[in-house]
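Heads up, the thing below is written out as structure tokens.
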Amino acid sequence: TVNRFLRNKHGFQSNMILCLTDNQSHPDFKPTKKVIFNAFKWLVKDAQPGDSLFFMFSGHGSQVRDKDGDEEDGMDETILPCDYKTAGYILDDTIHEMLVKPLPAGVRLTALMDCCHSGSGMDLPYEYLGEKLQASTFSQGRRKSYTNGQWQIRISHPHSTTQAKVSRADVILFSGCMDNQTSADTNAFGGKSGGAMCYSFISTLEKRNTPITYRELVTEMRNVLKRSGRFAQIPQISTGRPFNLDQPFVL
């Protein structure tokens, strides 16, 4: 699991990790909307330059009609807490507002979102295209984009909030699929079911005995799923500000 990976491979102590799961008996550790919001606040509270933060969501994701004009395809991405039928979903705009916007320069947040429609799940403005991916065609009246090398950079219309979403901190999101795709589960975690993207992330890093760059990591994650012949999803990487993908991956 990712929890074990953080502790065994990257030195995170148990008291530094807050884990919310559906099977928890204590209400403070079940991923309800309220508890997830509390966890967001806990993660970013008192963040200082030099801090390294990690966020992962593995669960259900969906889409709803965009209401503020900041989505190219007219759809906002969402994650679904365990009580979403009564409490509602959590918008990508909200995730950005709570996890990205508060972080000062000098902080690094590494995020994994292993859920359906997660490509722009944190509303980050810089999206890596990769060698074989093309920019989408976007609808009129919403954000436009242009490509700069292998980056897709989203530009605001006057009514859009995209420019305000450039982060001060280094925020790097690995997501399970493109916005118009779904993310699948796999039983490759020692027979236990888990997200295919998380498996590709962990297996790629565990097999490397030498440093790996961000570009190499996301490329190999895509290759792991492609070689299996079972998954159509394409893992994505996006960032909150200009970011050198050829630097070594660190947590």
| said: What pairs come out if I take residues in the stretch 17-37 that are more than 24 Å from THR110 (Cα to Cα) and pair them with residues that are at pLDDT 95 or above and surrounded by 15 or more Cβ atoms within 10 Å (Cβ to Cβ) whose C-beta lies under 6 Å away, six or more apart or interchain? | reply: GLN24/LYS30
| message | Given the condition over 19 Å from the mean Cα position of the chain (by Cα), charged (D, E, K, R) and part of a helix (DSSP H, G or I), answer yes or no: does some residue in the stretch 34-46 qualify? | response | yes
| query | Would it be correct to say that LEU217 is among the aliphatic types (A, V, I, L, M) and either under 15 Å from the mean Cα position of the chain (by Cα) or not in a helix (DSSP H, G or I) (or both)? | reply | yes
| query | Of the numbered conditions (1) modelled with pLDDT of 90 or more; (2) under 27 Å from THR78 (Cβ atoms); (3) assigned to a loop (DSSP other than H, G, I, E, B), MET178 satisfies every one except a single condition; which is it? | reply | (1)
| field | Condition met for LYS41 (within 25 Å of CYS177 (Cβ to Cβ) and open to solvent by 60 Å² or more (accessible area, probe 1.4 Å)) | value | no
| message | Just the residues that are out of contact with any strand residue (DSSP E or B) (no Cβ under 6 Å at 6 or more places or on another chain), closer than 27 Å to ASP185 by Cα and open to solvent by 60 Å² or more (accessible area, probe 1.4 Å), please, taken from the stretch 44-78. | response | HIS60, ARG65, ASP73
| remark: When the stretch 18-33 is checked residue by residue, the ones that are charged (D, E, K, R) and part of a loop (DSSP other than H, G, I, E, B) are ASP22, LYS30
| task | Hey, can you tell me all the residues within the stretch 3-17 that are surrounded by fewer than 13 Cβ atoms within 10 Å (Cβ to Cβ) and either in contact with a Ser or Thr (Cβ under 6 Å, 6 or more places away or on another chain) or part of a loop (DSSP other than H, G, I, E, B) (or both)? | result | GLY11, GLN13, ILE17
| said: I'd like the residue in the stretch 79-134 that is among the acidic types (Asp, Glu) and assigned to a loop (DSSP other than H, G, I, E, B) and, out of all such residues, is most open to solvent (accessible area, probe 1.4 Å). | reply: GLU131
| In the stretch 194-214, which residue that is out of contact with any strand residue (DSSP E or B) (no Cβ under 9 Å at 6 or more places or on another chain) and in a loop (DSSP other than H, G, I, E, B) is most open to solvent (accessible area, probe 1.4 Å)? | ASN209
| request: Considering each residue of the stretch 94-105, count those that are free of Cβ contacts under 8 Å to residues at least 60 places away in the same chain, within 10 Å of MET122 (Cα to Cα) and of a type outside the set (A, V, I, L, M), and give that number. | output: 2
| field | Members of the stretch 221-237 that are touching a helix residue (DSSP H, G or I) at 6+ places or on another chain (Cβ under 6 Å), closer than 21 Å to ARG108 by Cβ and either open to solvent by 10 Å² or more (accessible area, probe 1.4 Å) or part of a loop (DSSP other than H, G, I, E, B) (or both) | value | PRO235
| field | Residue match in the stretch 49-60 (condition: part of a strand (DSSP E or B) and touching a Gly at 6+ places or on another chain (Cβ under 7 Å)) | value | yes
| request: Kindly check whether there is at least one residue in the stretch 130-145 that is under 30 Å from ASP46 (Cα atoms) and either modelled with pLDDT under 95 or among the small types (Gly, Ala, Ser) (or both). | output: no
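The values are calculated or read from the model by the stated rules, or taken from the named source; none is laboratory data. Bear in mind the structure is a predicted one, so any value in this text is a computation, not a measurement. Note that we place each Cβ from the backbone using ideal geometry, even for glycine, and neighbour counts take in every protein chain shown. Heads up: the accessible areas ignore ligands, DNA and RNA and are worked out on the full protein's heavy atoms, side chains in. Shrake-Rupley method; radii C 1.70, N 1.55, O 1.52, S 1.80 Å.
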